[in-house]
Amino acid sequence: MDHEKAPAYDGEPKVYDQHKANDQPRQSEEGEVFDNADQLQRHLGNRQIQLIAIGGSIGTALFVSINSGLYRGGPGSLFIAYTLYSIMLAFVNNCAAEMTVYMPVSGGFIRLAGHWVDEAFGFMAGWNFFFYEALLIPFEITALNLVLSYWRDDIPAAAVIAACIVLYAALNILAVKIYGEAEFWLSGGKVILIMILFSFTFITMVGGNPQHDAYGFRYWKNPGSFAEYRTTGSLGRFEGFLAALWSASFTVVGPEYVSMVAAEAKRPRRYIKSAFKTMYIRFGIFFILGALCVGIVVAYNDPTLTAILGGTAGGSGTAAASPYVIAMQNLKINGLPHLVNALMITSIFSAGNTYTYCATRNLYGLALEGRAPKILRKCTKSGVPIYCFCVVMCFPFLAFLQLGNSSSTVLTWLNPQVSLITAGGVINYIVICATYLAFYKACETQGLDRNTLPYKGWFQPYCGYIGLGWMFFIVMTYGYSAFSPWSVNDFFYNYTMVILAPVLFIFWKVVKKTRFVASSEVDLIWEAPVVDLYEKMLLGEGVGFWTEMLQLVGLRKNVGRHRDSIAE
């Protein structure tokens, strides 16, 4: 659909010209509005979306894998790297927020890329994100077995894998409301864990430990703030900083998960906007403060940390490798490491559950646009893309590889996958920034006043340009160590996704003969009228996050109780 000039967005229903079988929100017998322009249903409340966003942002990397950044870069490099990367990802988040709040479609930023940039660009972005999510599921299940071995090594691995597959299936095959509720509680465990670790850091650093040692920032002075890595001197310290930066690029995530749940939010204009806006707080508290705490509690040359990462001691995938647990052991604190390991189990399970959900919704978005088989568009009555779910559930079975080998061996096989996943994640951010810049240009060309949008990003389009440039720099230099000394294996581990992305783009462009969408032809109306009608037919203003939290414990029950009813 071509547009010479898009009408200013004023929240009023616009003419809807998409070739959909049903272009109006549907009403259930109970009077609940739940429809998109497709078959997904809007059942996720504010508190569920906020915790899903946290669940997607916080993984075991923040508790364990961050140790590699500390070991190679030192506390100063780790803190600077995580702060810098969080700022850059905030620029990306700013781009994703404006687009997604205005156009909260199924498939999130993936479908926006196909509609607003180029169909081939959307094809590449969709399959990159699908493999990014789906390949992480068996990795998390295998890691779960390894974490359980912290207590005992005779737990049947097959039983754990089977239990994970059954639970992921049960939580994702039911209505999205059930998934949202489960993820709310699982993600709550992550928040509790990180608050415990932050409290542990502060209390012990001021002397609240069995040794009454107020160590403060001692490890920033001895052995120092900046470690040398690969070489010595200033170059070695710079390479240490780069190693910490690569650690941050794997650990610090978030905007993509909010984008993927937008199509199933009860009130996307309000709840999704709130989730994106609080993302900046998450970056500051969880990632920047988390990096600071890790550098406080453990020295980068700690003997236990060095032995684990150097391969001379076991426990690299369990709580034993966590800088916090190492600090607890150094301070002779008993019991707390077991609690950390227990909460890490909920963290890992929650991560796998989120990956299953996002991979399913992404594949459904691809099918809607004809970039995956049409049969995958089939949804259950509760709004679950059933065939997409079946395809995604094939991936967890890769975790059974560990039955013929140890969990640590399988994780060693899958460790190169971390490099693949990191590159895939950064490519997602490149897609978001590039799509936003196309959207911004289209708004200028067609005369759509961004001040009339439900959320206007700040400092645009400069956030888009800076985010795009930064993420392109990261994805191109992430595997520089493969060149000195030259390693074919390391090169493909780090750059397979970088090579695959343009291959996918060129393949679809040649097959479908697609073209880049001109700014004057970008469809800035698309599904906005459906969302406008949906929200206008709901009573009230909805409820805030803390109000929903109070309602969990029986308080303020009458507030917003008609928020999902159709207006008369």
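The values are calculated or read from the model by the stated rules, or taken from the named source; none is laboratory data. Computed from a predicted model, the values in this text were never measured in an experiment. Here the Cβ positions follow ideal geometry from the backbone for every residue, glycine too, while neighbour counts run over all protein chains shown. Ligands, DNA and RNA are stripped out before the accessible areas are found, and what is left, the full protein with its side chains, is counted by its heavy atoms. Shrake-Rupley method; radii C 1.70, N 1.55, O 1.52, S 1.80 Å.
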Which residues does a label at E444 reach in segment 120-139, if reach means a backbone N under 16 Å from a point 7 Å past the Cα toward the Cβ?
-> none
Solvent-accessible surface ranking, highest first, for H115, H212, H43, H338 at 1.4 angstrom = H212, H338, H115, H43
Treat each spin label as a single point 7 Å out from the Cα along the C-beta direction, and report the R152 to I386 distance in nm.
-> 4.1
Which sequence of W185, W151 reflects their accessible areas, 1.4 Å probe, from the largest down?
-> W185, W151
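Protein chains only, probe 1.4 Å: how do I288, I506 rank by accessible area, largest first?
Working: I288 35, I506 100 Å².
Listed by decreasing accessible area, they come as I506, I288.
Here is the link list: K190/K381; K374/K512; K374/K509. Which ones come out longer than 22 Å on Cα distance? All intermediate terms of the calculation are to be shown ahead of the outcome.
Working: K190/K381 32 Å; K374/K512 16 Å; K374/K509 19 Å.
Cα-Cα > 22 Å for K190/K381; rest within.
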Treat each spin label as a single point 7 Å out from the Cα along the C-beta direction, and report the D213 to I506 distance in nm.
-> 5.7
Rounded to the nearest 10 Å², the accessible area of W220 at probe 1.4 Å | 60
Once you put a point 7 Å from the Cα of F491 and another 7 Å from the Cα of S199, both along the Cβ direction, what distance in nm separates them?
-> 5.2
Where in segment 101-138 does the amide nitrogen come within less than 20 Å of the point 7 Å from the Cα of N451, taken along Cα to Cβ?
-> 102
To the nearest Å, what is the center-to-center distance of segment 457-479 and segment 231-294, using C-alpha atoms only?
-> 14
Considering only protein heavy atoms, what is the solvent-accessible area of S65 at a probe of 1.4 Å, reported in Å² to the nearest 10?
-> 50
